[in-house]
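Student: Here it is, the structure, as structure tokens.
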Amino acid sequence: MELLNGKETSQIIMKEISDAVRNRKSEGKKIPHLAAILVGGDGGSITYVNNKLRACEACGFESTLMRYDDSVSEEVLLNKIHTLNEDKSIDGFIVQLPLPPHIDETKVILAIDPMKDVDGFHPMNLGKMALNMPAFISATPSGIIELIRRYELDTAGKRCVIIGRSNIVGMPLSILLSQNKEFGNCTVTLTHSQTKNLKEICLQADIVIAALGQPGFVKEDMVKEGAVVIDVGITRVKDESKKTGWRLSGDVDFDQVAPKCSYISPVPGGVGPMTVASLMMNTLKAMDLKGK
Ligand code: GUN
């Protein structure tokens, strides 16, 4: 069994990005600038956004954080998005999800200029991605594909089972992995809460991708010998032995499943850091696109 080390891989990618940025700077060119909108005080969201801002620093990017209280109105948020769309100094921006229930997430996503939508959530980017056209691909799916690319895993003709059909991970990943291109060409089964015989379906998979948000859901009896297992889950679970009182848990029961795998991504240190690295890649791309 070999670990798919997302932490190490993301550091390699961010070093490549920071080298590119340093070269740009020495030529007197603009450096990328990412803005992030964070609404409310959810601990998980604060951590994710802080990780993204820290990554900006590591890559030599400029970054700006805009924080709003939970009670912020939809109108204020939409106005901020319009301002960021027009602001020439900002190359790309993200609105950290989830948003409070009184704010319509779809409206918010639709308000983002697709050329600055480095999260790849806008229908324009999702549609282009589905048609295999150049687009911003959301960070988690593209981070997973990048991890597969860096480990040179064979995907062509492989059976891939994805558990979870979210707009952010499962749905786009099912499209990307089935496309006729390098690190695609899988036979993909997208499974979800209504899927029958999930265990039997998973047992046929050469590649299992767990993205349902249920800690330890994938057990040893769901994975065939030699499979590649990619764990997208990242849930805080109570752990009194930790100073914080919690630890991060993936969707895969790692201790049970790992001995059966050819490759497996751990949590933490697997897909999470790759997601951040992908956001940095998208931000660099956003700046290049703007120059055209
Ligand atoms: N919430 C969970 N994942 C993400 C992400 O990739 N981007 C944003 N903006 N919010 C998220």
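The values are calculated or read from the model by the stated rules, or taken from the named source; none is laboratory data. Bear in mind the structure is a predicted one, so any value in this text is a computation, not a measurement. Here the Cβ is made from the backbone with ideal geometry for all residues, glycine too, and neighbour counts use every protein chain on show. Ligands, DNA and RNA are stripped out before the accessible areas are found, and what is left, the full protein with its side chains, is counted by its heavy atoms. Shrake-Rupley method; radii C 1.70, N 1.55, O 1.52, S 1.80 Å.
Student: As an exercise: evaluate ALA35 against (1) open to solvent by less than 70 Å² (accessible area, probe 1.4 Å); (2) under 25 Å from TRP246 (Cα atoms) and give the number of the one condition it does not meet.
Tutor: Failed condition: (2).
Student: Select from the stretch 115-124 the residues that are open to solvent by 10 Å² or more (accessible area, probe 1.4 Å) and within 25 Å of GLY6 (Cβ to Cβ) and write down the one among them that is nearest to the ligand (Cβ to nearest atom).
Tutor: Once the filter is applied, the top-ranked residue is ASP119.
Student: Give me a count of the residues in the stretch 38-51 that are free of Cβ contacts under 8 Å to residues at least 60 places away in the same chain and surrounded by fewer than 16 Cβ atoms within 10 Å (Cβ to Cβ).
Tutor: 5
Student: Which of the numbered conditions does THR189 fail, given that it passes all the others? Conditions: (1) open to solvent by 30 Å² or more (accessible area, probe 1.4 Å); (2) under 23 Å from GLY226 (Cα atoms); (3) part of a loop (DSSP other than H, G, I, E, B); (4) touching a Ser or Thr at 6+ places or on another chain (Cβ under 9 Å).
Tutor: (3)
Student: For the stretch 95-114, give me the residue count where each residue is of a type outside the set (Val, Ile, Thr), away from the ligand (no atom under 13 Å from the Cβ) and open to solvent by 40 Å² or more (accessible area, probe 1.4 Å).
Tutor: 6
Student: OK, next. Checking the conditions here, which among ILE175, ILE162 is open to solvent by 20 Å² or more (accessible area, probe 1.4 Å), among the aliphatic types (A, V, I, L, M) and more than 16 Å from the ligand (Cβ to nearest atom)?
Tutor: ILE175
Student: Taking only pairs six or more apart or across chains, which ones have beta-carbon atoms under 9 Å, a first residue in the stretch 25-37 that is without any contact (Cβ under 8 Å) to a residue 24 or more places away in the chain, and a second residue that is within 16 Å of the ligand (Cβ to nearest atom)?
Tutor: none
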